[in-house]
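Below: the structure, in structure tokens.
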Amino acid sequence: MAPTNVRSLPNVARQFKLAARPVGMPKESDFSLVESPMPRAGEDQVLVKTLYLSVDPYMRGRITGVRTYADPVNIGDTMVGGAVGQVVESHHAGFAAGEFILGNWGWQEYAVVEGQTLHKLNPNLAPISTALGVLGMPGMTAYFGFLEICRPQPGEVVVVSGAAGAVGSLVGQIAKVKGCRVVGIAGTEEKVHWLVNDLGFDAAFNYKSCADYTAKLKEICPLGIDCYFDNVGGAITDCLFPLLNVFGRVSVCGQISMYNLEKPEPGPRLLPFVLVKQLKVEGFIVTRWQGHWGEGITQMAQWLKEGKIHYREDIVEGFGSTVKAFIGMLQGENTGKMLVKV
Ligand SMILES: NC(=O)c1ccc[n+]([C@@H]2O[C@H](COP(=O)([O-])OP(=O)(O)OC[C@H]3O[C@@H](n4cnc5c(N)ncnc54)[C@H](OP(=O)(O)O)[C@@H]3O)[C@@H](O)[C@H]2O)c1
């Protein structure tokens, strides 16, 4: 792709800002599309043109106004998020116009970014969009969050919830590489079909049309469950704990079923199962392994090349559709990684 010439830049650039704190499921009116004068790069800075934006479940937590493991986005702030783009103008020695980069400049068409926060991408190694998916944060979440916490052994039974999403679809395939029997839980028949027929999951079911998760899991996991990779929490996870085998492992990755609740739901008491089954239950934030992401990316790229894992991107076109894509992802419209092509 030819680099954008600075002289042919538009006079204005658009950003999405947080307009209101969402109550329940976010609405389009919780964000505003704002135009600002085209920014120019200062010393050690780079002006980037966004090519792909990531929409991710963690963004729902950032807009609640509560500090979790990261600072919240305040009303009037530009939305945060990972992005892939092309350098338009560089005043940083490490980058030149036309290069492709990964960064965290959020929901903006153009942005001025400190050069030291950017990572250069090689478009000849993999499509640049994969830096936001299989070879980026979601891929590393699957790789380290599953392998480091579950430590799967060949022949073990692994259940993945949120199985057809960016992280879950990769966890199941990594478990297959490790010789496990893999069961996925997802929200449509099409997703279930994709998991079993295209990704090689041994079984999967649609939680939205399943009246009794416990009965279903007992039917497809007659020998119990050794590892559970939890992307969703809530009722699915409540039913799963009693079915875990002795010395089972649970990797608590996400709890998306609760992110849009207006009031917390009461849950069952699960610690007795942790005790009598001698379970290991561990939550994580993927940045824990940031120093090792290079190893994870190399291994995932190798498995991709060998055809051992496959990835899918669900691409929404146009910067103006970013909020729609975000809400759509929270509502399960995506199969694989949800991205916006700007
Ligand atoms: N710990 C970390 O460092 C870390 C890093 C990245 C992601 N995560 C977490 O990992 C999980 C997956 O993230 P992702 O980026 O791969 O997103 P994703 O799975 O690609 O997209 C979200 C999916 O969640 C499912 N979902 C929505 N509401 C649900 C509900 N009430 N019950 C069950 N499933 C529901 C939807 O699929 P269905 O059609 O199946 O409902 C939707 O497609 C999220 O919980 C996220 O917060 C954690």
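With all protein chains present and a 1.4 Å probe, how do 207, 228, 69 order by accessible area, largest first?
Per-residue accessible area, sorted high to low, gives 69, 207, 228.
Could you compute how much accessible surface residue 193 exposes when probed at 1.4 Å, giving the result in Å² to the nearest 10?
About 110 Å², rounded to the nearest 10.
Mark the label point 7 Å from the Cα of residue 75 along Cα→Cβ and return the residues of segment 8-27 whose backbone N is within less than 13 Å of it.
Only 18-23 pass the distance filter.
So between residue 280 and residue 247, what do we pick up on full extension, going 0.36 nm a residue minus the alpha carbon distance?
11.2 nm
Out of residues 5 or more away from residue 88 or on other chains, whose amide H comes under 5 Å of its own, with H placed 1.01 Å from N in the peptide plane?
Residues meeting the amide H criterion: 47, 48, 49, 98.
The chain: longest stretch without exposed trypsin sites (Lys or Arg not before Pro) (DSSP loop, at most 11 other Cβ within 10 Å), sites themselves excluded?
The answer is 68-268.
From the backbone phi of segment 82-91, what are the Karplus-calculated ³J(HN,Hα) couplings (6.51 cos²θ - 1.76 cosθ + 1.60, θ = phi - 60°) in whole Hz, Gly and Pro given as x?
In residue order, the calculated couplings are x, 8, 10, x, 10, 6, 9, 8, 10, 10 Hz.
Sort 33, 304, 223 by accessible area with a 1.4 Å probe, largest first.
I get 223, 33, 304, largest accessible area first.
Of all accessible surface on the chain at a 1.4 Å probe, what whole percent is carbon and sulfur?
Heavy-atom surface of the chain belonging to carbon and sulfur, 1.4 Å probe: 53 percent.
Grab the other residues whose beta carbon is less than 14 angstrom from that of residue 204, score K and R as +1, D and E as -1, and report the net.
For residues surrounding residue 204, the net value is 0.
Exactly which GluC sites (Glu not before Pro) in segment 29-121 are in a DSSP loop and have at most 10 other Cβ atoms within 10 Å?
43
Around residue 234, with a cut-off of 14 angstrom between Cβ atoms, what is the net charge of the other residues, counting Lys and Arg +1 and Asp and Glu -1?
-1
Taking H as built 1.01 Å from N, whose amide H comes closer than 5 Å to the amide H of residue 338, not counting residues under 5 places away?
166, 314
Tell me which of 123, 251, 13 sits at the most positive position along the dipole axis of the chain, charges placed on C-beta atoms (Lys, Arg +1; Asp, Glu -1).
Highest projection toward the positive end goes to 251.
Under Stokes-Einstein, with the Kirkwood radius over Cα pairs standing in for Rh, what whole-number D in µm²/s applies to the chain at 10 °C and 1.306 mPa s?
Using the Kirkwood radius from Cα pairs, D works out to 76 µm²/s.
Return the sequence-ordered ³J(HN,Hα) values of segment 306-318 in whole Hz as given by the Karplus equation 6.51 cos²θ - 1.76 cosθ + 1.60 applied to θ = phi - 60°, using x for Gly and Pro.
Coupling constants for segment 306-318: 7, x, 7, 10, 10, 10, 9, 10, 9, 9, 9, 8, x Hz.
Modelling each spin label as a point 7 Å along the Cα-to-Cβ direction, I'd like the residue 238/residue 306 distance in nm, to one decimal.
Each label point lies 7 Å from its Cα, and together they span 4.1 nm.
Nearest 500 deg cm²/dmol is fine: what mean residue ellipticity at 222 nm does the chain get from its DSSP H runs of n ≥ 4 alone, each adding -39,500 (n - 2.57), divided by its residue count?
-6500 deg cm²/dmol
Within segment 192-342, how many Lys pairs that are eight or more residues apart, or on different chains, come under 22 Å at the alpha-carbon?
Qualifying lysine pairs in segment 192-342: 11.
Taking the Cα centre of segment 1-55 as origin, work out the dipole magnitude from +1 charges on Lys and Arg Cβ and -1 charges on Asp and Glu Cβ, in debye rounded to 20.
Dipole size: approximately 100 debye.
What ranking of 30, 71 comes out by heavy-atom accessible area, probe 1.4 Å, highest first?
Output order, biggest surface exposure first: 71, 30.
Once you have the Cα-Cα distance between residue 2 and residue 218, take 0.36 nm times their residue separation minus that, and quote the gain in nm to one decimal.
Length gained between residue 2 and residue 218: 72.2 nm.
Where nothing but the Cβ of Lys and Arg (+1) and of Asp and Glu (-1) is charged, how large is the charge dipole of segment 118-205 around its Cα centre, in debye to the nearest 20?
So the magnitude is around 260 debye.
Could you give the nm distance between label points at residue 35 and residue 197, where each point is 7 Å from its Cα heading toward the beta carbon?
If labels sit at residue 35 and residue 197, their model points lie 4.7 nm apart.
The values are calculated or read from the model by the stated rules, or taken from the named source; none is laboratory data. Here the structure is a predicted model, which means the values were calculated and not measured. Positions of Cβ are generated from backbone atoms using ideal geometry, with glycine treated the same way; all protein chains shown enter the neighbour counts. Each accessible area value is taken on the protein alone, full model and side chains, heavy atoms only, with ligands, DNA and RNA left out. Shrake-Rupley method; radii C 1.70, N 1.55, O 1.52, S 1.80 Å.
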